[in-house]
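S.K.: Questions regarding the structure given below will be posed in turn.
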Amino acid sequence: LPGLHILAITLALEVSVGKTNTVMALNNSNVLLPCTFTTCIGFQDLVFTWYFNSTELIYHGKIKNKATEPTLIWHNPRVEFVGSTTKKDNNISIVLNGVEFSDAGKYTCHVKNPKERNAQHNATIFLTVVHKMVETDNTVTLIIVGVVGGLIGLLILFMLIKRVVLFIIKKTQDGKKECLVSSSGNDNTENGLAGSKAEQKAPPKA
Amino acid sequence: MLVLLAGIFVVHIATVIMLFVSTIANVWMVGSSSIGTISTGLWLLCNKTCTQLPVSSQDEASLKAVQAFMILSIIFSVVALILFIIQLFTLEKGKRFYMTGAVMLVCWMCILIAVSIYTARFTGTMVYSTNPHHGYCFILAWICFCFSFITGILYLVLRKK
């Protein structure tokens, strides 16, 4: 079935460069270009290459199987292999040393697996080289958090003050009521209590 | 009374939607230039493609303030909407929607601050273009300013039936 065949190829071998495909590097530094690949059925004599701007080969390596580390076939002298294929994920990242402004562009990590009928896949990273690293500005976030926090604080303060004031009012009213109740004598303390309860209900409504 | 409350609810939802549109779309000022019409907003400058908004260093703080307060007004109007729905079910009969009205008035204040700063600072001239005039986002923001004030006051005045 041709449909299933195509599905098998698209899902089997996959190359990924991580969450974001843009990397920013400082002039004259060493930058890591990450790349990992995953296979469904394992790999044998896998060939991976790194290209700069789709045409210039900068790294060419071969991996016999999962148990061995990759062997180098050819590399650009400024490129260094820092990946490892014997651990859990197949990492074929490289480090570009001494980054210059002319190194900015598209870097493609390409993988071919003969065990999966020569299935191929690639992923690209866009490298930009800057003079100096600029810290992201977060004044907008600070203003928003400040205002929202301030408002919540004011709300809590307002609620607290309202409770305290109502409590004080209740206490002073209680004091007056106790005087009245005790002066009226021993007759029907239930009435007295009910009366004071009714009086206490009035202030919160107002 | 119930009809009025439903009407205010509809106006409130319209305000929220208009605030979202006004903040997200980049059409606060529109001008014409040699390459066509250029529109600027709070975030980007758009021709056929959009690029970062060029802002002079003295206006940078004002732009950040406008952005922050427009986002705050969106947050508060959505919170007021949720509060209204909650209060609709939990408030006793005859009581007023104090919390919703208060939050809506805070939202009104935020819109006021944002559009005033924008009108004062950014409506004079526009970069790269001649004949600048206000875009629809600016108008929507001022309409939201009126609507949020009206709904806020009405929430404070109406009683739950």
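The values are calculated or read from the model by the stated rules, or taken from the named source; none is laboratory data. Model, not experiment: these values are computed from the prediction. Ideal geometry is used to build each Cβ from the backbone, glycine not excepted, and the neighbour counts take in all protein chains shown. Only protein heavy atoms, including side chains, enter the accessible area calculation; ligands, DNA and RNA are left aside. Shrake-Rupley method; radii C 1.70, N 1.55, O 1.52, S 1.80 Å.
S.K.: Measuring from centroid to centroid over Cα atoms, what is the spacing of the stretch B:57-94 and the stretch B:30-52 in Å?
M.R.: 28
S.K.: Sticking with this one: Could you give the alpha-carbon Rg of the protein assembly as shown over 2.2 N^0.38 Å, rounded to two decimals?
M.R.: Dividing the Cα radius of gyration by 2.2 N^0.38 Å gives 1.61.
S.K.: Ok, one more. At a 1.4 Å probe radius, carbon and sulfur cover how many percent of the accessible area of the stretch A:14-130?
M.R.: The nonpolar share, carbon plus sulfur, comes to 53 percent.
S.K.: Only Cα pairs under 8 Å and at least 6 apart count here; give the relative contact order of chain B as a rounded whole percent.
M.R.: Relative contact order comes out at 35 percent.
S.K.: Now, a different point. Chains B and A: what accessible area do they bury, summed, in square angstrom to the nearest 100, with a 1.4 Å probe?
M.R.: Summed over both sides, the interface buries about 800 Å².
S.K.: In whole Hz and in residue order, list the ³J(HN,Hα) couplings for the stretch A:121-138 that follow from phi through the Karplus curve 6.51 cos²θ - 1.76 cosθ + 1.60, θ = phi - 60°; x for Gly and Pro.
M.R.: These are the phi-based 3J(HN,Hα) values: 7, 9, 9, 10, 10, 9, 9, 10, 10, 10, 6, 8, 6, 9, 6, 5, 7, 10 Hz.
S.K.: Another question, then. Which percent of the Cα-Cα distances in the stretch A:14-130 go past 22 Å?
M.R.: 28
S.K.: Tell me the carbon and sulfur percent of the accessible area for chain B, rounded to whole percent, probe radius 1.4 Å.
M.R.: 72
S.K.: If you count only protein heavy atoms with a 1.4 Å probe, what accessible area per residue comes out for the stretch A:14-130, rounded to a whole Å²?
M.R.: On a per-residue basis, 53 Å².
S.K.: Further, regarding this structure: May I ask you to evaluate 6.51 cos²θ - 1.76 cosθ + 1.60, the Karplus curve with θ = phi - 60°, for each residue of the stretch B:151-161 and list the ³J(HN,Hα) values in order in whole Hz, giving x for glycine and proline?
M.R.: 3J(HN,Hα) across the stretch B:151-161, in whole Hz: 5, x, 4, 5, 4, 6, 9, 6, 10, 6, 8.
S.K.: Enumerate the amide H contacts of A:N90 below 5 Å, restricted to partners 5 or more residues apart or on another chain; note that Pro and chain-start residues carry no placed amide H.
M.R.: A:F37
S.K.: Further, regarding this structure: For B:T130 paired with A:T128, estimate the spin-label separation in nm (one decimal), with each label point 7 Å from Cα along the Cα-to-Cβ line.
M.R.: According to this spin-label approximation, the distance is 3.4 nm.
S.K.: A further question on this structure: Per residue, how large is the accessible surface of chain B? Use a 1.4 angstrom probe and give square angstrom.
M.R.: Ligands and nucleic acids excluded, the result is 50 Å² per residue.
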